[in-house]
Amino acid sequence: MKQYRFFDLIMAVFVTVLVISNIASSAKIVDWGFSLIGVPMAFDAGTILFPISYIFGDILTEVYGYKRSRRVIWVGFVCLALSAFIFWIVRVMPGEATWQGY
């Protein structure tokens, strides 16, 4: 089996970009304060970061092949599902009384 020098690094960055873009999407709306053709430039923060995952997907497919690329995408999907599940658990857990007052 051929050893790839940067495969693990690219996989880690790809999964990190996916998870962070999903968290950023629900965390903040970015408003650049101008409009293009009447469309306000306001969108969720994940919109800026998520397209980078496509660049990593293309690199993975072109350099490491379809089989390894598909494996990385599935790892990313599982990590997203795990993070969504953990955030759901955190959301349904009761908060500390003083903190909830804020």
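Does the stretch 31-45 include one or more residues that are of a type outside the set (Asp, Glu), in contact with a Gly (Cβ under 7 Å, 6 or more places away or on another chain) and open to solvent by less than 90 Å² (accessible area, probe 1.4 Å)?
There is no residue in the stretch 31-45 that is of a type outside the set (Asp, Glu), in contact with a Gly (Cβ under 7 Å, 6 or more places away or on another chain) and open to solvent by less than 90 Å² (accessible area, probe 1.4 Å).
Take residues that are more than 17 Å from the chain's Cα centre (by Cα) and among the charged types (D, E, K, R) and tell me which of the helices (runs of 4 or more DSSP H) falling wholly in the chain contain 3 or more. Give the steps one after another, and end with the answer.
Details: elements: 7-27, 46-59, 66-92, 97-101.
Helices (runs of 4 or more DSSP H) meeting the threshold: 66-92.
When SER26 is evaluated against the numbered criteria (1) exposed (fewer than 13 other Cβ atoms within 10 Å of the Cβ); (2) hydroxyl-bearing (Ser, Thr, Tyr); (3) in contact (Cβ under 8 Å) with a residue 24 or more places away in the chain, which criterion, by number, is the only one it fails?
Every listed condition holds for SER26 apart from (3).
Every residue in the stretch 50-68 that is open to solvent by 50 Å² or more (accessible area, probe 1.4 Å) and without any contact (Cβ under 8 Å) to a residue 60 or more places away in the chain, please.
If the condition is that a residue be open to solvent by 50 Å² or more (accessible area, probe 1.4 Å) and without any contact (Cβ under 8 Å) to a residue 60 or more places away in the chain, then PHE50, PRO51, ILE52, TYR54, ILE55, ASP58, ILE59, THR61, GLU62, VAL63, TYR66, LYS67 are the ones that fit.
Determine which single condition GLN3 fails, assuming it passes every other condition in (1) open to solvent by less than 80 Å² (accessible area, probe 1.4 Å); (2) at pLDDT below 85.
Every condition holds for GLN3 apart from (1).
The values are calculated or read from the model by the stated rules, or taken from the named source; none is laboratory data. These numbers come from a predicted model, not from an experiment. We place every Cβ from the backbone using ideal geometry, glycine too, and count neighbours over all the protein chains shown. For the accessible areas, the whole protein counts, side chains as well, though only heavy atoms, and no ligand, DNA or RNA atoms are used. Shrake-Rupley method; radii C 1.70, N 1.55, O 1.52, S 1.80 Å.
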